[in-house]
Amino acid sequence: MSNTLEGKTVLVTGASSGIGQATALALSKAGARVAIGARRADRLKDLAQDAPGEILALDLDVTDRQSVQDAVTATVDHFGTLDALVNNAGVMLSGMILNADTTEWTRMVDTNLLGSMYTVHAALPHLLESKGAVVQISSTSGRTASAGGGVYAATKFGITAFAEALRQEVTTQGVRVIVVEPGMVSTELATHITDPAMQTMAKNYAESMRTLQADDIAAAVLYALSQPEHVAVNEILIRPTDQAR
Ligand SMILES: NC(=O)c1ccc[n+]([C@@H]2O[C@H](COP(=O)([O-])OP(=O)(O)OC[C@H]3O[C@@H](n4cnc5c(N)ncnc54)[C@H](OP(=O)(O)O)[C@@H]3O)[C@@H](O)[C@H]2O)c1
């Protein structure tokens, strides 16, 4: 992948809100052809209307291996190639371990970890062909775990481990792997927390600082994807200035 995004094909998962939506829009503004995947088709339709460039909206549930394979196939069928994958879809259902609803653990592992692994699995043959790039949206929780965030952090630590193995397997074949680790970003992510105490804690934490905006992360993704071919930006950690840990 060369250092201009003009005409490049990028698949963004979880593009219906937050970081994925902002990244898809920024990529489109930079001249990329963008396939956008998520479960909320209405949101994708709105994004397709707002984006200046060519957009392919795809029904995608990353927990479903067939849906992931179908989305990658549809992208390559439509655009003829795949130059980059932004593996962004994720859920954060924070809660203490004691008495946890373990179906929420399953959802997080299925979406954040297995979902992003399925997407790499389906996209990799095409990325090897295009000498493309994979952007894995991890988190500061992929570096430091904290009470109430054990399972979410486990999925993000897992993403980092998988990305490093992937990097070693493909970098000399020209495929670049980039892990992006945002701190607190103002999005819908925390609104899905079901535990009322955790929900309040997340809200208070966000209100205690000037959070990042989704556009700040989109800019980092564009920076990494716009480097010359011999430059691999492997990791980007971005916290709000006000976030101490
Ligand atoms: N916000 C933060 O502070 C923060 C910090 C660090 C890392 N992150 C990471 O950034 C990524 C994006 O999160 P966000 O903050 O932008 O939150 P968000 O606004 O809630 O976006 C999450 C996206 O993931 C999609 N998604 C969830 N489950 C999915 C599934 N099964 N299949 C396909 N798409 C699915 C959602 O789309 P549908 O519901 O329409 O399917 C949505 O587009 C996540 O991986 C998150 O862990 C966020």
Inter-label distance, nm, simple model (7 Å from Cα along the C-beta direction), residue 101/residue 237: 3.3
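Taking the Cβ of each residue in 144, 23 as the centre, tally the other Cβ atoms inside 10 Å and list the residues starting with the fewest.
Values: 144 12, 23 30.
Fewest to most other Cβ atoms nearby, the residues stand as 144, 23.
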Per-selection Rg to Rh, the range 26-118 - Cα, Kirkwood hydrodynamic radius: 1.05
Sequence-distant aspartates and glutamates (8 or more away, or on other chains) whose Cα lies within less than 19 Å of residue 45: 54, 59, 61, 70, 188
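So if R0 is 22 Å, what FRET efficiency would residue 186 and residue 42 give, r being the distance between their Cβ atoms, rounded to the nearest 0.05?
Numbers: r = 22 Å, r/R0 = 0.99.
E(calc), rounded to 0.05, equals 0.50.
Calculated from DSSP H runs of 4 or more alone, at -39500 (n - 2.57) each and per residue, what is the 222 nm mean residue ellipticity of the chain, nearest 500? It would help to have the intermediate numbers written out before the result.
On the way: 8 runs with 105 residues, N = 245.
The helix-only estimate for the chain comes to -13500 deg cm²/dmol at 222 nm.
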Total formal charge among the other residues, if their Cβ is under 9 angstrom from that of residue 225, Lys/Arg +1 and Asp/Glu -1: +1
Cα centroid of the range 222-245 to Cα centroid of the range 103-155, whole Å: 17
For residue 56, residues with placed amide H under 5 Å, excluding near neighbours: 34, 35, 36
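If you put +1 on each Lys and Arg Cβ and -1 on each Asp and Glu Cβ, how big is the dipole of the chain around its Cα centre, in Debye rounded to 20?
Working: 18 positive and 26 negative charges, 78 e Å.
With only Lys, Arg, Asp and Glu charged at Cβ, the dipole is about 380 debye.
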Descending principal axes extents, the range 9-73, alpha-carbon based, whole Å: 30, 21, 17
Kirkwood estimate for the chain, i.e. one over the average of 1/r between Cα atoms, Å: 17.9
Other-chain or far-sequence residues with amide H under 5 Å of residue 179's (modelled H): 136, 235, 236
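For 223, 152, what ranking results if the residue with the fewest other Cβ atoms within 10 Å of its Cβ goes first? Please report the intermediate quantities before stating the final value.
On the way: 223 13, 152 27.
The most exposed by this proxy come first: 223, 152.
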For the range 114-122, Karplus couplings with θ = phi - 60° (6.51, -1.76, 1.60), whole Hz, Gly/Pro x: 5, x, 6, 5, 4, 5, 4, 4, 6
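How much of the DSSP beta bridge set in the range 48-184 is antiparallel, as a percent to the nearest 5?
Details: 0 of 9 bridges.
Counting only bridges with both partners in the range 48-184, antiparallel ones make up about 0 percent.
Here, each number is a calculation from the coordinates, and none is a lab measurement. Predicted, not measured: the structure shown is a model, and the values here were computed from it. Every residue, glycine among them, receives a Cβ derived from its backbone with ideal geometry; neighbour counts consider all protein chains shown.
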